[in-house]
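**Student:** Once you've had a glance at the structure underneath, I'll fire off some questions.
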């Protein structure tokens with residue numbers, strides 16, 4: 001009986017696996033991706049990863065948290081709005097870089113693609129970018145003890161790993177996406193601090 005988790009999701013019916021034409025420069029990352037899936041591709045893990053994928057699609061989940069925070073926390077509304085804007089900026093920057101780099105997503109017989117994606121472009125991971133930016137910017141807003149460092153440690157590694165479990169990103173995609181999100185988050189946080197210092 002076929003493994004239902006092994007079904008590859010292809011948004012473009014004409015995009016078939018090009019095993020014979022694989023890029024040798026990505027062979028090592030493909031092996032890592034296959035190893036991650038072999039170890040972690042359990043039904044409960046895949047369900048969780050798919051849920052995280054839905055939450056992070058277009059940064060929607062993180063932007064919703066920012067919007068709710070801005071509505072519910074009037075004394076820090078400006079900070080919430082700036083932080084949500086920073087998450088949107090990180091997501092938008094990742095999309096822009098994707099369109100320049102145009103690196104295709106994993107396409108190898110050893111890697112099962114377990115979720116649909118809005119595009120075929122892989123580098124950098126937008127989920128990684130927006131999640132890292134959100135963790136940096138929402139730290140302290142979601143609770144005094146929930147610092148940016150703690151939030152990054154709690155949410156970023158699972159999101160990065162989930163993208164590989166689902167077979168939609170190479171390790172370098174998620175690493176670069178997270179670095180981009182951290183950079184944008186830090187710059188926006190500095191901007192927020194300067195604005196608050198002038199008020």
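The values are calculated or read from the model by the stated rules, or taken from the named source; none is laboratory data. Owing to the predicted nature of the structure, the values given are computational and were not obtained by experimental measurement. So basically every Cβ, Gly included, is an ideal-geometry build from the backbone, and we count neighbours across all protein chains shown.
**Student:** For region 138-148, enumerate the residues that are without any contact (Cβ under 8 Å) to a residue 60 or more places away in the chain and either in contact with a helix residue (DSSP H, G or I) (Cβ under 6 Å, 6 or more places away or on another chain) or closer than 14 Å to residue 90 by Cβ (or both).
**Tutor:** Of everything in region 138-148, those that are without any contact (Cβ under 8 Å) to a residue 60 or more places away in the chain and either in contact with a helix residue (DSSP H, G or I) (Cβ under 6 Å, 6 or more places away or on another chain) or closer than 14 Å to residue 90 by Cβ (or both) turn out to be 139, 148.
**Student:** Taking into account only those residues within region 34-74 that are over 25 Å from residue 135 (Cα atoms) and in a helix (DSSP H, G or I), which is nearest to the chain's Cα centre (by Cα)?
**Tutor:** Within region 34-74, the subset over 25 Å from residue 135 (Cα atoms) is 34-35, 37-39, 41-43.
Still in the list and also in a helix (DSSP H, G or I): 34-35, 37-39, 43.
Values: 34: 19, 35: 20, 37: 17, 38: 21, 39: 21, 43: 21 Å.
The qualifying residue nearest to the chain's Cα centre (by Cα) is 37.
**Student:** Could you go through region 77-96 and let me know if any residue there is more than 20 Å from residue 186 (Cα to Cα), out of contact with any helix residue (DSSP H, G or I) (no Cβ under 7 Å at 6 or more places or on another chain) and either outside any loop (DSSP other than H, G, I, E, B) or modelled with pLDDT under 95 (or both). Lay out the reasoning, then the answer.
**Tutor:** Within region 77-96, the subset more than 20 Å from residue 186 (Cα to Cα) is none.
No, that holds for no residue.
**Student:** Quick one: residue 115 ticks every box in (1) surrounded by fewer than 18 Cβ atoms within 10 Å (Cβ to Cβ); (2) under 14 Å from the mean Cα position of the chain (by Cα); (3) outside any helix (DSSP H, G or I) bar one, so which box is it?
**Tutor:** Unmet condition: (1).
**Student:** Report yes if some residue within region 149-159 is part of a loop (DSSP other than H, G, I, E, B), buried (at least 17 other Cβ atoms within 10 Å of the Cβ) and without any contact (Cβ under 8 Å) to a residue 60 or more places away in the chain; otherwise report no. Can you show your working first?
**Tutor:** Kept after step one, since they are part of a loop (DSSP other than H, G, I, E, B), are these residues of region 149-159: none.
No; the residues of region 149-159 include none that is part of a loop (DSSP other than H, G, I, E, B), buried (at least 17 other Cβ atoms within 10 Å of the Cβ) and without any contact (Cβ under 8 Å) to a residue 60 or more places away in the chain.
**Student:** Those residues that are surrounded by 17 or more Cβ atoms within 10 Å (Cβ to Cβ) and in contact with a strand residue (DSSP E or B) (Cβ under 7 Å, 6 or more places away or on another chain), I need them from region 46-102; list them, please.
**Tutor:** Within region 46-102, just 98 meets the criteria.
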